[in-house]
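Read the figures in this text as sums done on the coordinates, not as results from a lab. Treat the numbers as computed from the prediction; the structure is a model and nothing was measured. Glycine gets a Cβ as well: all are built from the backbone with ideal geometry, and neighbour counts include every protein chain shown.
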Ligand SMILES: [Zn+2]
Ligand SMILES: [Zn+2]
């Protein structure tokens, strides 16, 4: 399969979060998705692609996904898009949270909040935004226009789903969001999750223990 987009995955932070450099192969323009930290490695990966970065995309406000976004934005002169406004309280708290976790974190103020139905672009590639709360209130996922790939964050994993044992977590909302918005996608749609290996919608629809019944 040849995607109009390619992803170079860079696991970052002690949480081994899958930061990615997403490159539109037609234009050689890139977005950096969820730069939680380890920015030297993120920038080395960007250099390896040879692509021109144009923006930072955030799926949600958790520290392993967002703590490096402000510094990277300043260093490379890139705008930040996402997540949904409902994660503002998490982005506002990243510095204090980082200090508690021993991870360098800075508050993030996105230039653009995302909502259900919005379109996000990387070069010529267009993604539609789905708002799927539950793991965090403002979590968004991004579906490539040809439905070949989903930038999934911490919603749906290979054989699992995002944790919801936070004060603001909502297990039922997460399950219904996945069932209503992701499972209707084609079997072959690849899901790039925030942790662990990639999977497909068909595989998860069939065997993910959280999604049966
Ligand atoms: Zn998370
Ligand atoms: Zn995560």
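Could you list 190, 33 in order of exposure, starting from the residue whose Cβ has the fewest other Cβ atoms within 10 Å?
Listing 190, 33 from fewest to most nearby Cβ atoms yields 190, 33.
Determine, for 122, 5, the number of other Cβ atoms within 10 Å of each Cβ, and report the residues in order from fewest to most.
Listed from fewest to most nearby Cβ atoms, that is 5, 122.
Using a ≥ b ≥ c from the Cα gyration tensor of the range 26-157 (square roots of the eigenvalues), is it rounded, prolate or oblate, where a/c under 1.5 gives rounded and otherwise the larger of a/b and b/c decides, a/b for prolate?
Here the range 26-157 falls in the oblate category.
If I stretch the segment between residue 145 and residue 188 completely, what's the gain in nm (0.36 nm per residue apart, minus their alpha carbon distance), one decimal?
In short, 14.1 nm is gained.
Based solely on its DSSP helices, what 222 nm [θ] is calculated for the chain when runs of n ≥ 4 H residues each add -39,500 (n - 2.57) and the sum is averaged over all residues, nearest 500 deg cm²/dmol?
Taking each H run of at least 4 residues, the total per residue is -6000 deg cm²/dmol.
Based solely on C-alpha atoms, express the radius of gyration and the Dmax of the range 86-213 in angstrom.
In Å, with Rg to one decimal and Dmax whole: 15.1, 42.
Of the candidates 166, 157, 15, which one comes out as most mobile in a Gaussian network treatment of the chain with C-alpha springs shorter than 10 Å?
166
Mind giving me the nanometre distance, one decimal, between the label points for residue 74 and residue 26, set 7 Å out from Cα along Cα→Cβ?
3.6
May I ask you to sort 172, 154, 165 by Cβ crowding, counting other Cβ atoms within 10 Å and putting the fewest first?
165, 172, 154
How many percent of DSSP beta bridges within the range 5-211 run antiparallel, rounded to 5?
Percentage antiparallel, nearest 5: 70.
If each residue of separation counts as 0.36 nm, what is the full-extension length gain between residue 121 and residue 165 once their alpha-carbon separation is subtracted?
Result for the pair: 12.6 nm of gain on full extension.
If R0 is 22 Å, what FRET efficiency do you get for residue 206 and residue 181 from their C-beta distance, rounded to 0.05?
The pair residue 206/residue 181 has a calculated efficiency of 0.80.
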